[in-house]
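Inspection log for the structure reproduced underneath, given as structure tokens.
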Amino acid sequence: MTDLKNKWVLITGASRGIGKLTALFMADMGCNLILHSRTLKGTEEVLEAVRSKGAEAYAVAAELSDPAAVADMLAQIDSMGTQVDVVLNNAGLQIGYRSDWINTPLDDFGISFAVNTIAPMQICYHFLPGMIARGFGRIVNTTSGIALEAEQAGYSAAKAALNKVTVDLGYKVDGTDVIISLADPGWCRTDLGGPHAPNAPESTIPGIAVGAFVNDRRSGRLFGAQEFAGMTLAEAVAAAESKPGPYGR
């Protein structure tokens, strides 16, 4: 299992829900944190909480649907001199549920792809060269198991695209200590998942972050967080490392 103590971890969508829980968990693991939300006010509470656990931490803000805003956020992180070794692309946007699915607005696709596909990849492309140069890094992109839901076509398509580009990118670093993974939290009772979802947000820990702790040089795997519910981190990592990668090598 990889020891991430004192490593700097960027978590997008850290102000609430699974992102907030992940931030608290990573602080418990001894990580230092960069917490993203759309506004700095959004992360005030979680920033105080992770600092109380002994983590060094600071907040950044960006509207992920705006590539220029994301670029400004990344430039701010660079200006702080922070060496980012772990990226947890947690933030996501479910634009709407279209009961009249045959008339889904085309804008659903543009907004969904901007937040759920383009922004995570923009962040990956920014930090990946440094990870490769140093010979260490972890990227976990949060996806969704949503399927057969024409009512949520924009969100579903954007997550499918994220899966594709993550697996393709992982192929380039497979066999190295830069490991790129996908995580699916399952359907949880969050602002995105709604009150009728079957899973509590807490059930995603530690599975939502297990890809950051694996230590077997295999990229491109999808880790369903609910598979690891109730496990210790060590148990979850052992189970995760038993999963084969998608590249057949």
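For the reader, a short list of remarks on this structure follows.
- Quarter of the Cα convex hull surface for the stretch 9-143, i.e. its orientation-mean projected area (nm²): 8.6 nm²
- Cα gyration tensor shape for the chain, rounded if a/c is under 1.5, else prolate or oblate: rounded
- Look at the alpha carbon pairs under 8 Å that are at least 6 residues apart: their mean separation over the length of the chain gives a relative contact order of 17 percent.
- Of all accessible heavy-atom area on the chain, the percent that carbon and sulfur account for (1.4 Å): 54 percent
- By a 1.4 Å probe calculation restricted to protein chains, residue 232 has an accessible surface near 70 Å², given to the nearest 10.
- Ordering of 220-230, 93-103 by burial proxy (mean other Cβ atoms within 10 Å per residue, highest first): 220-230, 93-103
- Shown here: the stretch 158-226, whose C-alpha atoms stretch 40, 25, 13 Å along the first, second and third principal axes, sorted largest to smallest.
- Membrane-span-like helices in the chain, defined purely by DSSP H runs whose alpha carbon atoms cover 30 Å or more axially and whose average Kyte-Doolittle hydropathy reaches -1.0, are 153-173.
- Net dipole in debye of the stretch 110-227 [+1 Lys, Arg Cβ; -1 Asp, Glu Cβ; about Cα centre; nearest 20]: 360 debye
- Helical content of the chain, expressed as a calculated mean residue ellipticity at 222 nm, amounts to -11000 deg cm²/dmol (DSSP H runs of 4 or more residues, -39,500 (n - 2.57) each, divided by residue number, nearest 500).
- Cα-based shape type of the stretch 113-234, given that a ≥ b ≥ c are square roots of the gyration tensor eigenvalues and the cut on a/c is 1.5: oblate
- Each part reduced to its alpha carbon centroid, the stretch 26-40 and the stretch 134-158 end up 21 Å apart.
- Accessible surface for the stretch 152-249, divided over its residues, is 42 Å² per residue with a 1.4 Å probe.
- Rel. contact order, % - alpha carbon contacts under 8 angstrom, at least six apart, the stretch 32-147: 25 percent
- Among 74, 47, 182, the residue with the largest mean-square fluctuation in a Gaussian network model of the chain, with springs joining Cα atoms closer than 10 Å, is 74.
- The number of Lys pairs in the chain with C-alpha atoms less than 25 Å apart, excluding pairs fewer than 8 positions apart on the same chain, is 16.
The values are calculated or read from the model by the stated rules, or taken from the named source; none is laboratory data. Keep in mind that this is a model prediction, so the values were computed, not measured. All Cβ positions, glycine included, derive from the backbone under ideal geometry; neighbour counts span all protein chains shown. We work out accessible area using only protein heavy atoms, side chains counted, and drop any ligands, DNA or RNA first. Shrake-Rupley method; radii C 1.70, N 1.55, O 1.52, S 1.80 Å.
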